Amino acid sequence: DVKVTQSSRYLVKRTGEKVFLECVQDMDHENMFWYRQDPGLGLRLIYFSYDVKMKEKGDIPEGYSVSREKKERFSLILESASTNQTSMYLCASSSKTDSNTEAFFGQGTRLTVV
Amino acid sequence: AQSVSQHNHHVILSEAASLELGCNYSYGGTVNLFWYVQYPGQHLQLLLKYFSGDPLVKGIKGFEAEFIKSKFSFNLRKPSVQWSDTAEYFCAVTAGSSASKIIFGSGTRLSIRP
């Protein structure tokens, strides 16, 4: 059974803190993604990675960075958290060798910045 | 750049009514198309997908979607909805290559009156 695991379901952080969101997948997928989900805006792509140490900006990368040191792990970093980064963050993975397969999602991390 | 439009933000239906949710995409090349569903409190899961062949695709729980290339559309349909179909529905597209980002629409919230 495919599993994408996000390290936390809920996080509360203070403005200005550095925040790490971790995601691990067990399907040996090459592609991994970070989205944020906000009401009425759907899922917006922050960053994605198609291989270890490779990354590409999505539609809203400002204020975020990512790290992919190992194939199974993709981290999202908020360098200095701000209140407008309060959101639900979703990690996903998909196969690069089989482009017809869908993405598999984690349960999400609800981040609140106070 | 790829984009996905879902014109219905919130749809309210009675049980047994027929459903059609609109999805239009903008991308000139080969695409893979998906519909995902997010039930309350759960992670996103795939309803159905299209990548080639028969433009009418059938998914889980009685859902189907039709790819109309000339209209850049991939509308989701179900002939008779149930209360358990209450969820948020997302249309998504990837370009037809392996290392592709997945772009989502803004989602349609479906509420079913018992």
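The values are calculated or read from the model by the stated rules, or taken from the named source; none is laboratory data. Computed from a predicted model, the values in this text were never measured in an experiment. Every residue, glycine among them, receives a Cβ derived from its backbone with ideal geometry; neighbour counts consider all protein chains shown.
Whether a residue is more than 22 Å from A:Lys18 (Cβ to Cβ) and assigned to a loop (DSSP other than H, G, I, E, B) was assessed, and A:Glu56 does not pass this test. Any chance the stretch A:74-81 includes a residue that's surrounded by 14 or more Cβ atoms within 10 Å (Cβ to Cβ) and of a type in the set (Asp, Glu)? No, the stretch A:74-81 contains no residue that is surrounded by 14 or more Cβ atoms within 10 Å (Cβ to Cβ) and of a type in the set (Asp, Glu). In summary, A:Val2 fulfils each of the numbered conditions (1) β-branched (Val, Ile, Thr); (2) at pLDDT below 90; (3) under 13 Å from the mean Cα position of the chain (by Cα) with the single exception of condition (3). Restricting the stretch B:41-81 to residues that are among the polar types (S, T, N, Q) and away from chain A (no Cβ under 11 Å), which is surrounded by the fewest Cβ atoms within 10 Å (Cβ to Cβ)? Among them, the one singled out is B:Ser70.
Among the residues making up the stretch B:56-75, those that are under 30 Å from A:Pro61 (Cβ atoms) and touching a Phe, Trp or Tyr at 6+ places or on another chain (Cβ under 6 Å) are B:Phe72, B:Phe74.
Every listed requirement among (1) closer than 23 Å to B:Phe51 by Cα; (2) basic (Lys, Arg); (3) away from chain B (no Cβ under 11 Å) is met by A:Arg14 save one, (1). If only residues of the stretch B:19-35 that are free of Cβ contacts under 8 Å to residues at least 60 places away in the same chain and part of a strand (DSSP E or B) are counted, the one that is nearest to B:His7 (Cα to Cα) is B:Asn24.
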